[in-house]
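Taken together, the values in this text are just the output of simple stated rules run on the coordinates, not laboratory data. What you see is a predicted model, and the numbers here were worked out from it, not measured in a lab. With ideal geometry, Cβ positions are generated from the backbone for all residues, glycine too; neighbour counts draw on all protein chains shown.
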Amino acid sequence: MNWDTGSDGQPCAYSFALGENGLDDWGPAPTQHRLRTPQCPSLARLLSTSAKGLFSGERAHVMACPYCQKVLAMAWRYECPGVGLVVSDLAGVSPVEAAMQEHLEQDGCVRCRRLRCSGLVRSAVAGLREGRRSVEGLEAWLERTVVVSARLPAGAGSFAAFDRGPFRVRVESPGGLVTIVRRTDRGLLVVEIESANLQDEGKRVHVEILGEGEPLEVDLFFGNEGGRCIARHTVGRFSELAPGLGTSCEVLAAICDDELHS
């Protein structure tokens, strides 16, 4: 069985056999996968809503539909699910449980496995599971939460590889929280957080760097610098931290205050 994309952008399945004249002896290929139904949302809708904004009828269908689950799992091979889906799956309220299981177990996604071990993610899961945070509250938290994957330089385990060559990752959350993780000219790993919201002054930001070894976790506090809230922290010497990071890492940063933890 082979998967391809039909004229409507949906995956379809086909099989064929060529006869002596090079013709298809089995007739024309189907235009869509045999498991797809008229109730299946389009691939664009499934991905654009991340399966959270589906109508109730659509959610019920997606949860029970092997085609929709398979399509999502295939799409996640190119771009992982959002953090909100990782949280809802751990909390047991995800409509895409089968897709997530395939993504984790069959595809062996390192990024999503690491996120499931994140203290920030597990705190969000506990709040959702225990009723201390609503789905809307989770969405608000995600707006100001940074999550980014970073590839590390080749030869990350060696001192020389990390004492030469630049390393800098910058990402901004939808809510405007800017996080930079970089190696300085002195070979130090530095985390910088910036917010344009002056009401964030004095607030604590929790940062996690998840690699192959034990996670690196730091707490920073915002100070007012030139009309912007900025926090900086030196984690340590990059070359000494390299063996615990491996070839890639996930960086998470979230503001920790009463509103976001309610």
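Values for this structure:
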{"quantity": "Global geometry of segment 69-117, whether rounded, prolate or oblate, following the gyration tensor of its Cα atoms and the 1.5 cut on a/c", "calculated": "oblate"}
{"quantity": "Unit charges on C-beta of K, R, D, E only; dipole of segment 83-234, Debye", "calculated": "380"}
{"quantity": "Counted charge near Asn197, where neighbours are those whose Cβ lies closer than 11 Å (Asp, Glu -1; Lys, Arg +1)", "calculated": "0"}
{"quantity": "At most 16 other Cβ within 10 Å, DSSP loop - GluC sites (Glu not before Pro), segment 183-262", "calculated": "Glu201, Glu212, Glu259"}
{"quantity": "Sorted by Cβ density within 10 Å, fewest first, the residues Met100, Met74", "calculated": "Met74, Met100"}
{"quantity": "Least to most buried among Asp89, Asp185 (fewest other Cβ within 10 Å first)", "calculated": "Asp185, Asp89"}
{"quantity": "Shape call, segment 144-256: gyration tensor on alpha carbons, a/c limit 1.5", "calculated": "prolate"}
{"quantity": "Whether segment 35-120 is rounded, prolate or oblate, judged on the alpha carbon gyration tensor where a/c under 1.5 counts as rounded", "calculated": "prolate"}
